[in-house]
Each structure stands twice: as structure tokens, then as C-alpha cells.
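Worksheet: one structure, shown below.
The values are calculated or read from the model by the stated rules, or taken from the named source; none is laboratory data. Quick caveat, the model's predicted, so the values are computed rather than measured. All Cβ positions, glycine included, derive from the backbone under ideal geometry; neighbour counts span all protein chains shown. For the accessible areas, the whole protein counts, side chains as well, though only heavy atoms, and no ligand, DNA or RNA atoms are used. Shrake-Rupley method; radii C 1.70, N 1.55, O 1.52, S 1.80 Å.
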Amino acid sequence: LNNLVLIIDRNNSDFRSIKFLQLKKKLSVFCNKIYEINGHEMTQVHKTLKKSLNTKFFNIIIANTVKGYGIKTIANNPAWHHKTPSVKEMEIFKKELKL
């Protein structure tokens, strides 16, 4: 598994499914290089991905994120998992994200 990088979006939305406790420890049986980063920090993502691609080994990146990051009413709110915002909500969300 040379030059393979697995990126896991760890947004802790496993409230309805299997709990992945001690994820890094469990994954360590597959490879010895596991990075745990803030998945919202693009500089960190880029730096870690670049470092991972420059090895000849299988690497895992656990990107800790918040589901709905950047929008107060959506962040960590399970109600938004399968919900589509209205046109009015989209305008509010765009302003909140400064888009």
C-alpha cells in the first residue's frame, strides 16, 4: 500500500451508529503513521497531505471537523443531516460564511 493516504473526516456524527472510540489506536494496526489534524485548517490539511504523499508508506489522516462548521444553526445539529435549506436560509448562511 505504498503512496496511499486515507483521509477520515472525523466529525463525531456517529450518534446513530457504531461509536469509534480510540480511533487512532485502532487504526494503528494498519499503519504506523497516523496524523490527527484540525480538518478546518486548510494549511494543516495541505501540509499533512503533502508530508503523507512524500512517503512510500500507507498513511492515515484523521481530520477532526464539526459537521456544519461555520454556520451557527447547523453546526453539530443532527436535524440538518438530511435537511435542505430554503432560499431564505441559504442567503443567511452565505452571509454567515461571508460568501
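Tabulated data for the structure shown
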read-out	value
Considering residues of region 71-90 that are assigned to a loop (DSSP other than H, G, I, E, B) and small (Gly, Ala, Ser) only, the residue most open to solvent (accessible area, probe 1.4 Å)	86
Output for region 39-69, where each listed residue is outside any loop (DSSP other than H, G, I, E, B), open to solvent by less than 60 Å² (accessible area, probe 1.4 Å) and of a type in the set (S, T, N, Q)	48, 52, 59, 64
Checking residue 8 against (1) modelled with pLDDT under 90; (2) aliphatic (A, V, I, L, M); (3) under 14 Å from the mean Cα position of the chain (by Cα), the condition it does not meet	(1)
Tally of residues being basic (Lys, Arg) and in contact with a Ser or Thr (Cβ under 8 Å, 6 or more places away or on another chain) across region 27-63	1
Every pair of residues 6+ apart whose Cβ atoms lie under 6 Å, when the first sits in region 74-99 and is modelled with pLDDT of 90 or more while the second is open to solvent by less than 100 Å² (accessible area, probe 1.4 Å)	74/68; 74/80; 75/66; 75/68; 93/71; 96/71; 97/70
Pick from region 42-73, criterion among the charged types (D, E, K, R) and under 25 Å from residue 94 (Cα atoms), ranking: modelled with the lowest pLDDT	67
Enumeration of residues in region 13-41 that are hydroxyl-bearing (Ser, Thr, Tyr) and at pLDDT 90 or above	35
